[in-house]
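The structure under discussion appears below in the form of structure tokens.
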Amino acid sequence: MDFCKMHGLGNDFILTEDLDRAFPQEEAPALAQKLCHRRTGVGADGLMFIQRGDAAPLRMRLYNSDGSLADMCGNGIRCFARYAYDQGLIRQTAFEIETDAGVKRAVLLPDAAGAVSAVRIGMGRPAFLRRDIPMAGAPEADCRLESIAALGRTFTASAVNTGVPHLVVFLSAPMSEEDVLRYGPALETLPAFPKKTNVNFVEILGPDALRVRTWERGCGRTLACGTGACACAVCAADAGYTGRKARVELALGSLVIDWAEDGEIYMAGPAAYSFTGKV
């Protein structure tokens, strides 16, 4: 199997072409666990199959490092879009990608030399209702700035689905990495989230800037999360902490998130190559 290793601000993926969907998907979870292992495999947060789509020219099929299927991934889809264009699988600089969270539109952003330097993705509209996250409670209710408790500590948090479920925890003071690793998995597995949830710890830096650290469902601690950055920007704007466009600072750089007036979320950021290989 030929593969390409790519990353979006350190959130890394193994990409392999399966255009005719010949690879048996029942074997994909075990393969993802094997290849994503950082000591005995290639090492990555996820394994991504590039397939021909039904509702769009191409389809992204992504498995987390624990073998679970990911409906959507913001950093992953930027890598997918750049790879597809650079490898000639798609000729247009703006095109649609089928995902398990619906069809998303990618726009490639070239640098001064004409090479792709960043990708902008239309991420869809956020879903706040508990039934859509999903989250326990009245189906038509939401979770905005509520008190959420884990391991004896109470947090102020909002919940939203931006392709996958997210809990956005607003911090009044910076949190240590030790506490991120402690409270992340505890919040991920709260009974209130029947399909578990991604957990984002957010510091408000100003009216147009956030700092985010994420514990991802199915991956654990990652350096960046695109859907999480979208969730944090949307929840911060919804709470009045920021405007509708914000820079989200992550460990290795920033994403720009624009929650348009029509409700669509737009995410722009880099997608970079690490190496290619064969297994």
So between residue 177 and residue 244, what do we pick up on full extension, going 0.36 nm a residue minus the alpha carbon distance?
21.3 nm
Quick one: plug the Kirkwood hydrodynamic radius of the range 132-279 (C-alpha pairs) into Stokes-Einstein at 10 °C, 1.306 mPa s, and report D in µm²/s.
102 µm²/s
Within the range 162-184, name every residue whose backbone N is under 12 Å away from a label modeled 7 Å from Cα of residue 151 along the Cβ vector.
176-184
Computed from the mean reciprocal separation of all distinct C-alpha pairs, what Kirkwood hydrodynamic radius does the range 12-65 have, in Å?
11.3 Å
With Cα coordinates, the longest principal axis of the chain makes an angle with the long axis of helix 74-86, in degrees rounded to 10, of 20 degrees
When only Cα pairs under 8 Å and 6 or more residues apart are kept, what is the percent relative contact order across the range 62-205?
16 percent
For the range 208-279, what does the equivalent ellipsoid look like in terms of its semi-axes, each the square root of 5 times an eigenvalue of the Cα gyration tensor, given largest first in whole Å?
25, 14, 11
Provide the net charge surrounding residue 182, with neighbours chosen by a C-beta distance below 13 Å and charges set as Lys +1, Arg +1, Asp -1, Glu -1.
-1
Just how much of residue 117 is accessible, in Å², when a 1.4 Å probe is used and the result is rounded to the nearest 10?
50 Å²
³J(HN,Hα) across the range 137-149 via Karplus (A = 6.51, B = -1.76, C = 1.60, θ = phi - 60°), whole Hz, x for Gly/Pro?
x, 4, x, 8, 8, 10, 10, 10, 6, 9, 7, 10, 10
Between residue 109 and residue 221, what is the FRET efficiency for a Förster distance of 35 Å, r being their Cβ-Cβ separation, to the nearest 0.05?
0.75
Can you count the Lys pairs in the chain with C-alpha separation below 29 Å, eight or more apart or on different chains?
13
Per the helix-only calculation at 222 nm, which mean residue ellipticity applies to the chain, given -39500 (n - 2.57) for every DSSP H run of n ≥ 4 and division by its residues, nearest 500 deg cm²/dmol?
-5000 deg cm²/dmol
Between residue 141 and residue 55, what FRET efficiency follows from the Cβ-Cβ distance if R0 is 30 Å, with the result rounded to 0.05?
0.45
So what is the relative contact order of the range 17-113, in percent, for Cα pairs below 8 Å that sit 6 or more residues apart?
23 percent
Mind checking the angle between helix 177-188 and the chain's longest principal axis? C-alpha axes, 0 to 90 degrees, to the nearest 10.
90 degrees
Relative to the chain, whose Cα atoms define the longest principal axis, helix 226-238 and its Cα axis are tilted in degrees, nearest 10, by 30 degrees
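The values are calculated or read from the model by the stated rules, or taken from the named source; none is laboratory data. Note that this is a predicted model, so its numbers are computed, not measured. Here Cβ is always computed from backbone atoms with ideal geometry, including for glycine, and neighbour counts include all displayed protein chains. Accessible surface is based on the protein model in full, side chains and every heavy atom, while ligands, DNA and RNA are left aside. Shrake-Rupley method; radii C 1.70, N 1.55, O 1.52, S 1.80 Å.
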